[in-house]
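Everything below concerns the one structure shown next.
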Amino acid sequence: MDSTAAPAPSIAEGAEPTLLTPRDDLVSPSRLRWESWKLIDSTTVEVSFTGGSPTCEGVSVELLETPQDVTINLSYGVLPEMADGDCPAIAVQSAVRVTLSEDLGEREVRQDDFSE
C-alpha cells in the first residue's frame, strides 16, 4: 500500500467543521479520505473530511507514527445506536483530532493511498 503526503490547506474562512470523537464500534465501516489537516498544538493534529450526519455516522482513526512521518487513516461508519435508524443523506464538513505520542516536529502528515 502506498502513502500519499498531504499539505496543510485550511478550511474556508469562517467555516468550522463539526468535531467528532473517534469511535471503535462503528457498523460497516469503510475507508475515508480526509481532505486537510492542521496542527492544534505540538502533539494534536486535526484532520478534516466530508462525512454524513454526525447524529447517524461516526469516524474511527488508525494512527502510525515513524521518525519521518505520521500516517492518519480514517474509516467512517454508522453509529451502533443508529444501525436500524433512518439517517438523512446530507454532507457535513467534519473533523477529528488525533493525539500523537510525541511532537510532530518536522515529520510529514500523510494518509495511505487506498484508491487502488
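The values are calculated or read from the model by the stated rules, or taken from the named source; none is laboratory data. Owing to the predicted nature of the structure, the values given are computational and were not obtained by experimental measurement. All Cβ positions, even for glycine, are placed from backbone atoms using ideal geometry, and neighbour counts span all protein chains on display.
Considering the stretch 14-59 alone, what residues qualify as being small (Gly, Ala, Ser) and either under 21 Å from Ala89 (Cα atoms) or touching a helix residue (DSSP H, G or I) at 6+ places or on another chain (Cβ under 6 Å) (or both)?
At the first step, the residues of the stretch 14-59 found to be small (Gly, Ala, Ser) are 14-15, 28, 30, 36, 42, 48, 51-53, 58.
Those that are small (Gly, Ala, Ser) and either under 21 Å from Ala89 (Cα atoms) or touching a helix residue (DSSP H, G or I) at 6+ places or on another chain (Cβ under 6 Å) (or both): Ala15, Ser28, Ser30, Ser48, Gly51, Gly52, Ser53, Gly58.
Taking Thr66 as the residue in question, decide whether it is surrounded by fewer than 14 Cβ atoms within 10 Å (Cβ to Cβ) and in contact with a strand residue (DSSP E or B) (Cβ under 7 Å, 6 or more places away or on another chain). Steps first, answer last, please.
On the way: surrounded by fewer than 14 Cβ atoms within 10 Å (Cβ to Cβ): yes; in contact with a strand residue (DSSP E or B) (Cβ under 7 Å, 6 or more places away or on another chain): no.
So Thr66 fails the test.
Inside the stretch 24-77, can you point out the residues that are acidic (Asp, Glu) and either touching a residue at least 60 places away in the same chain (Cβ under 8 Å) or assigned to a strand (DSSP E or B) (or both)? Don't jump to the end; show me each part of the working.
Here is the first cut: in the stretch 24-77, the ones acidic (Asp, Glu) are 24-25, 35, 41, 46, 57, 62, 65, 69.
Selection gives Asp41, Glu46, Glu57, Glu62, Glu65, Asp69.
So how many residues does the stretch 78-97 have that are touching a residue at least 60 places away in the same chain (Cβ under 8 Å) and among the hydrophobic types (A, V, I, L, M, F, W, C)? Quick ask: steps written out before the conclusion?
So in the stretch 78-97, the residues touching a residue at least 60 places away in the same chain (Cβ under 8 Å) come out as 92-97.
Remaining after also requiring among the hydrophobic types (A, V, I, L, M, F, W, C): 92, 95-96.
Total meeting the criteria: 3.
Considering the stretch 20-46 alone, what residues qualify as being hydroxyl-bearing (Ser, Thr, Tyr) and either modelled with pLDDT of 95 or more or on the phi < 0 side of the Ramachandran plot (or both)?
At the first step, the residues of the stretch 20-46 found to be hydroxyl-bearing (Ser, Thr, Tyr) are 21, 28, 30, 36, 42-44.
The answer is Thr21, Ser30, Ser36, Ser42, Thr43, Thr44.
Identify all residues within the stretch 78-116 that are among the aliphatic types (A, V, I, L, M) and either exposed (fewer than 14 other Cβ atoms within 10 Å of the Cβ) or part of a loop (DSSP other than H, G, I, E, B) (or both); write none if there are none. Steps first, answer last, please.
Residues of the stretch 78-116 that are among the aliphatic types (A, V, I, L, M), as a first pass: 78-79, 82-83, 89-92, 95-96, 98, 100, 104, 109.
Once the filter is applied, which keeps residues that are among the aliphatic types (A, V, I, L, M) and either exposed (fewer than 14 other Cβ atoms within 10 Å of the Cβ) or part of a loop (DSSP other than H, G, I, E, B) (or both), the stretch 78-116 yields Leu79, Ala83, Ala89, Ile90, Ala91, Leu100, Leu104.
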